[in-house]
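Below is one structure, written out as structure tokens; comments come after it.
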Amino acid sequence: MQSGFSSSSDGDFGIVRIKPLGAGGGGGERSAMNANAKSITFSTNPPGVKADGRKFVYPAHIITPEMDQQALYDAFMPKRVDDFLSGVNVNVMAYGQTGSGKTHTMFGTPGILARAANGCQGQEDVANFGLFPRGLLAVFAAVKARHKGAESLVLTGSAVELSVQGNQDMLLRVEEVEKLRRAAASEPGNKWDGGQLGVSLDKTANPPRLFGMTELPLDTEDDLRKFFAALATRNTASTLMNDSSSRSHCFAYLTLRAHDRKDDTVRTSRFQFCDLAGSERLKEAHGHQTWKDGGEALNGLVTNYSLMMLSSCVRGLVEARRKGTAHTFSFKAYLGDLHQLLKQSMTGEASTACFVCLSQAPDNLMQSKFALDFGEVFAKLSMRPVRQKQQPRTKLIREATAMLSEAERVLSNGGGGRYKMMRIAQSQDARQQLALLQQFERL
């Protein structure tokens with residue numbers, strides 16, 4: 001761990017992680033071979049970064065290339081694991097251009113989750129684990145240790161990709177996804193928009209959440225391996241900027257329901273790990289291809305747009321607070337799902353850590369400056385985590401039953417129209433909620 005580093009949670013909106021120069025050797029990192037072209041410099045005491053002559057002093061923490069995965073976890077994650085277990089929603093996110101080390105930070109080295117799914121968690125593999133697998137194992141162990149306490153605990157995992165194809169449930173088998181896609185295409189006038197995958201955003205929830213995705217109960221080590229296997233299917237592709245570029249925003253969720261046996265109430269908290277797809281200049285990433293050609297160029301355009309909406313939303317909220325008009329600020333004024341899912345980080349209600357990942361390679365300079373610009377604005381937000389309230393279990397059962405009844409009524413009458421898949425998602429979500437809530441009767 002570098003000197004001058006503090007593990008305090010203060011300033012966790014301003015964390016910058018520097019990727020080792022030339023690491024990976026592909027894409028923009030090839031420009032690192034020119035030793036005279038280094039354009040990123042940094043210091044840890046005081047923390048700061050200089051990019052192309054411009055100095056950024058907002059970072060509270062500079063993570064140098066020498067800091068390993070375990071040290072990074074120890075510095076920022078134990079407090080957030082404790083927050084989650086005590087009923088606070090937690091968001092941990094990685095932001096930066098493609099090839100800057102976001103997926104390495106969040107999940108680990110390439111192929112690590114597939115090896116974990118196969119049960120290979122030897123010393124070398126564990127050393128390469130990112131924040132998510134380390135956090136998952138810590139939470140799993142803590143829940144197991146608390147089972148005999150005053151509360152009954154149920155832990156579940158979910159994984160969703162937000163991409164140009166829609167919100168995809170990573171725990172849903174590939175063949176099932178294709179079945180839905182073909183069914184949608186066979187209906188006259190029904191255009192595939194991704195919503196047919198059954199994972200939709202509920203903007204009326206607080207916080208906004210995706211519903212219709214699979215919630216996998218995490219009771220055994222076999223369940224953990226299934227979860228790792230799902231995340232190992234992350235959509236990646238080679239671009240001119242990165243030999244293995246993540247082509248979607250990936251959200252890995254842990255949901256903890258804590259049942260107070262005495263009062264028959266349930267408290268639900270959410271741990272959200274977000275590995276954002278990387279921003280990229282289309283010409284640099286895809287050469288002569290344009291978004292009109294479809295494929296990865298179109299995916300890159302949609303990714304850039306969603307990141308622009310997130311950045312605009314953060315800037316708008318910061319400006320509204322400066323003017324004293326934050327009470328009139330509307331997240332719904334910005335398009336897309338990404339900023340809605342990160343809403344509690346922006347309002348400060350979630351315990352948050354935002355890692356801005358930087359490449360030192362000269363060819364990546366422009367995107368590195370854009371990432372630092374985002375981090376500079378995001379660091380102006382403040383954190384006031386809120387503990388989730390206990391809700392009567394009978395009330396939650398009534399609400400889930402009502403949603404299920406309404407969804408099935410519409411579907412049984414052949415209704416739903418363009419919202420048919422949303423109704424199917426509501427039906428699936430309600431069934432899962434009821435099964436999980438009724439599980440407390442047996443604990």
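The values are calculated or read from the model by the stated rules, or taken from the named source; none is laboratory data. None of the values given here were measured: they were computed from a predicted structure. Reconstructed Cβ throughout: ideal geometry from the backbone, glycine too, with neighbour counts over all protein chains shown. Only protein heavy atoms, including side chains, enter the accessible area calculation; ligands, DNA and RNA are left aside. Shrake-Rupley method; radii C 1.70, N 1.55, O 1.52, S 1.80 Å.
Ignoring ligands and nucleic acids, what accessible area does ILE424 show with a 1.4 Å probe (Å², nearest 10)?
60
With a 1.4 Å probe and all protein chains in place, put ARG80, ARG387 in order of accessible area, largest first.
Ranked from most to least accessible, the order is ARG387, ARG80.
Probe radius 1.4 Å, ligands and nucleic acids left out: which of LEU396, LEU307 has the largest accessible area, and how do the rest follow?
These residues rank, largest area first, as LEU396, LEU307.
Whenever you get a sec, compute what percent of the accessible area on the range 368-434 sits on carbon and sulfur atoms (1.4 Å probe).
Details: 2040 of 3820 Å².
Carbon with sulfur: 53 percent of the solvent-accessible area.
What order, most packed first, do the peptides 412-422, 265-275 have when packing is the mean number of other Cβ atoms within 10 Å of each residue?
Details: 412-422: 13.4, 265-275: 22.1.
Top to bottom by mean Cβ count within 10 Å: 265-275, 412-422.
Quick one: accessible surface of ASP52, probe radius 1.4 Å, all protein chains present, in square angstrom to the nearest 10.
About 90 Å², rounded to the nearest 10.
If contacts are Cα pairs under 8 angstrom and at least 6 residues apart, what is the relative contact order of the range 317-443 in percent?
The normalised contact order for the range 317-443 reaches 20 percent.
Got a number for the accessible area of HIS104? Probe 1.4 Å, square angstrom, nearest 10.
70
Based on the mean of other beta carbon atoms within 10 Å per residue, what is the order of 67-77, 426-436, most packed first?
Details: 67-77: 17.2, 426-436: 19.5.
The packing order, highest mean first, is 426-436, 67-77.
With a 1.4 Å probe and all protein chains in place, put LYS262, LYS343 in order of accessible area, largest first. Walk me through the intermediate numbers first.
Values: LYS262 185, LYS343 55 Å².
Putting LYS262, LYS343 in descending order of accessible area: LYS262, LYS343.
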